[in-house]
Amino acid sequence: MAETAALVILPTYNEAGNLPGLVAAVLEALPGCHVLVVDDASPDGTGAWAAGQAAAQPRLHLLARPAKLGLGSAYRAGWRWGLDRGHDPLVTMDADWSHHPRYLPALVALLEDGADLGIGSRYVAGGGVRNWGLHRRLLSRGANLLSRLLLRLPARDATAGFRAYRASCLRAIGPEAIRAEGYSFLEESLWRVDRAGKRVAETPILFEERRHGRSKIDRKEILRAAATLLRLRFSRPDPLP
């Protein structure tokens with residue numbers, strides 16, 4: 001049976017300390033929404049917790065994967081799951097409280113006002129970050145500046161993962177056409193949304209450092225993102241689906 005409710009997709013790997021409170025806050029912040037946990041075989045029991053709760057909570061779902069397959073792969077899998085079941089819109093957010101559920105209503109409202117993609121942005125008026133050191137701030141600012149310079153991306157926060165997509169927007173860009181993995185998946189997906197002629201809007205958020213666990217961004221991830229930007233800038237774009 002087709003669903004028309006919003007779907008909030010939470011990619012997870014070792015988020016057992018964050019997930020219980022976050023899921024409850026998401027379900028409260030966006031009445032009627034469903035939550036899909038896309039778990040990559042977390043050894044800390046994240047998937048087991050989600051499976052147990054989903055048995056009693058009809059708005060919570062688990063997509064269990066056999067290994068750590070990456071963020072981009074998790075987004076694609078979550079989008080396919082949601083599109084196949086008729087969910088609209090589809091929201092992506094981190095599972096570590098860096099994206100606070102209190103911003104969900106404003107994010108979804110961007111689509112109600114005519115946007116095809118809404119972004120929870122650190123870098124528009126009213127947005128910001130909390131508990132970041134200078135190195136992390138410079139790295140994030142530099143990545144966004146490079147994205148805008150190389151790809152002319154239509155957003156101040158091109159690397160943000162807190163997003164709401166119309167289902168029609170995802171179908172238009174063809175999720176399977178996105179080649180990037182990791183956090184560079186976010187830049188390529190935004191590039192494809194813009195190239196498809198879709199409207200992008202941003203709403204301010206305060207990005208907060210994770211509550212439990214460690215950040216999964218490393219040097220390899222940074223190099224992968226730079227390589228993605230260069231590929232998109234200097235290669236012939238794939239045809240739109």
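The values are calculated or read from the model by the stated rules, or taken from the named source; none is laboratory data. None of the values given here were measured: they were computed from a predicted structure. With ideal geometry, Cβ positions are generated from the backbone for all residues, glycine too; neighbour counts draw on all protein chains shown.
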_Selection status of G197, surrounded by fewer than 17 Cβ atoms within 10 Å (Cβ to Cβ) and assigned to a helix (DSSP H, G or I)_ = no
*Being farther than 17 Å from R224 by Cα and part of a loop (DSSP other than H, G, I, E, B) is the filter; apply it to region 153-183 and report the residue that is nearest to the chain's Cα centre (by Cα).*
F162
_Can you say whether S147 is at pLDDT below 80 and within 16 Å of H99 (Cβ to Cβ), as far as the supplied structure shows?_
no
*Single unsatisfied condition, T228 versus (1) over 30 Å from D113 (Cα atoms); (2) modelled with pLDDT of 75 or more; (3) of a type in the set (S, T, Y)*: (2)
*Do you know which residues across region 75-98 are among the aliphatic types (A, V, I, L, M), crowded, with 21+ Cβ neighbours inside 10 Å, out of contact with any His (no Cβ under 6 Å at 6 or more places or on another chain) and not in a strand (DSSP E or B)?*
A95
*Name the strands (runs of 3 or more DSSP E) wholly inside region 1-74 in which the number of residues that are more than 24 Å from A180 (Cβ to Cβ) and in contact (Cβ under 8 Å) with a residue 24 or more places away in the chain is 2 or more.*
34-39, 60-64
*Might you check whether a residue that is out of contact with any Pro (no Cβ under 9 Å at 6 or more places or on another chain), under 23 Å from P11 (Cα atoms), among the hydroxyl-bearing types (S, T, Y) and outside any loop (DSSP other than H, G, I, E, B) occurs anywhere in region 118-129?*
no
*asked:* I need every pair where a residue in region 85-112 that is free of Cβ contacts under 8 Å to residues at least 24 places away in the same chain and within 19 Å of R166 (Cβ to Cβ) has its Cβ under 8 Å from the Cβ of a residue that is basic (K, R) and surrounded by fewer than 23 Cβ atoms within 10 Å (Cβ to Cβ), sequence separation at least 6 or different chains.
replied: none
*Residues of region 43-72 being basic (K, R) and more than 19 Å from G17 (Cβ to Cβ), which ones?*
R59, R65
*Within region 166-214, considering residues that are under 27 Å from T46 (Cα atoms) and out of contact with any Lys or Arg (no Cβ under 9 Å at 6 or more places or on another chain), the one modelled with the highest pLDDT*: R210
*State yes or no: is A115 part of a helix (DSSP H, G or I) and small (G, A, S)?*
no
*Quick one: which residue in D84, D40, D44 is under 30 Å from A201 (Cβ atoms) and among the acidic types (D, E)?*
D84
*Matching residues, region 117-152, being more than 18 Å from R224 (Cα to Cα), surrounded by 12 or more Cβ atoms within 10 Å (Cβ to Cβ) and aliphatic (A, V, I, L, M)*: L117, I119, V124, V129
